[in-house]
1. Among Ile23, Leu69, Ala44, whose Cα projects farthest towards the positive end of the dipole of the stretch 2-249, with charges put on the beta-carbon of Lys, Arg (+1) and Asp, Glu (-1)?
2. Measure nothing but the geometry: give the 0 to 90° angle between the long axis through the Cα atoms of 2-13 and the longest principal axis through the Cα atoms of the chain, rounded to 10°.
3. List Met95, Met135 from most exposed to least, where exposure is judged by having the fewest other Cβ atoms within 10 Å.
4. Over 27 Å between C-alpha atoms is what I'm after, so list which of Lys94/Lys162; Lys21/Lys76; Lys133/Lys163; Lys99/Lys123 land there.
5. Along the Cα-to-Cβ line of Ser37, 7 Å from the Cα, sits a label point; which residues in the stretch 102-117 have backbone N less than 19 Å from it?
6. Once the Cα atoms of helix 62-75 and of the chain are each reduced to a long axis, what angle between those two axes, in degrees from 0 to 90 to the nearest 10, is obtained?
7. Expressed as a whole percent, how much of the Cα-Cα distance distribution for the stretch 107-215 exceeds 15 Å?
8. Shape verdict for the stretch 194-251, please, from the Cα gyration tensor: rounded (a/c under 1.5), prolate (a/b greater than b/c) or oblate.
Amino acid sequence: MIKMLKVEWIKEKRAANSALKYIVPIIFVLFNLFMVSIMGQSPAGRSYLMATAFNWYPVMILPIVLSLLVVNIVSKEKEEHIALWRRLNILPEKMLIAKNGMVVFELFTILMLSSIGIYLVGKYFLQEEISLKIMVLATCCLFIGSLPVIALSFFIYKLFNKKFLVILINFVFTFPSAMIAVTSYWKFFPWDYNLRILCPIVEVHPNGTFLEKSSPLTAMNAVYVGLVLSVMVYVIITVINIGIERGKSHV
């Protein structure tokens, strides 16, 4: 398994995902600076930068980024490559797990670089009061809350074998997430986990507005439930994906 991860690491160094790791954080920071410049001065004790960072990211940027990470790493394997792996007695499910691990690592890198950029810009350029503790916690929650979408992206690609469908489905399913996240049905819709988990952390409504301290959306129990659900859904869908790979290898 370690060898498979090393192979994927070497292949990714020359692939499009390697560039995405650095391009996405830069675009994200610039985008947030633009949004904050439109909004003006942040209210006392609040940060427009934090609000836009942890609201726009899961709604507009992450669905596309996650789709591209998965599509790029899966689609580069041609039939001759797969045939070679089989001749070498390398199980396809191990390849899938290695690719999954690489996408998870790439997502973590993107989120960390983005958060560092947002923190430095907010703290030293915009002179905003940004809590490092909240920034780290929000980033970790955003990372864990994104895991189900990674697994689902692999599943969609394996099911339809169409790149554009992965991007389209993730993009379309993210649109109603802000509305579903504030209902009792949010637990059944993995695309809104990020938004719901982040509500109590950054105190921002899924629609982008600031929450009052007394709002029920600030209850921390949603964070714990969301994190557990995220890991569970990720593991379950990944196991299903492995089952699909095993089924294909026996055909």
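1. Sorting the options by dipole projection puts first Leu69.
2. 70
3. By the 10 Å Cβ count, ascending, the order reads Met95, Met135.
4. Flagged as over cut-off: Lys133/Lys163; Lys99/Lys123.
5. Residues passing the 19 Å test: 117.
6. For helix 62-75, the angle is close to 10 degrees.
7. 70
8. The shape class here is prolate.
Where a number appears in this text, it was derived from the coordinates with a stated rule and is not lab data. Everything quoted here is computed from the prediction, not taken from an experiment. With ideal geometry, Cβ positions are generated from the backbone for all residues, glycine too; neighbour counts draw on all protein chains shown.
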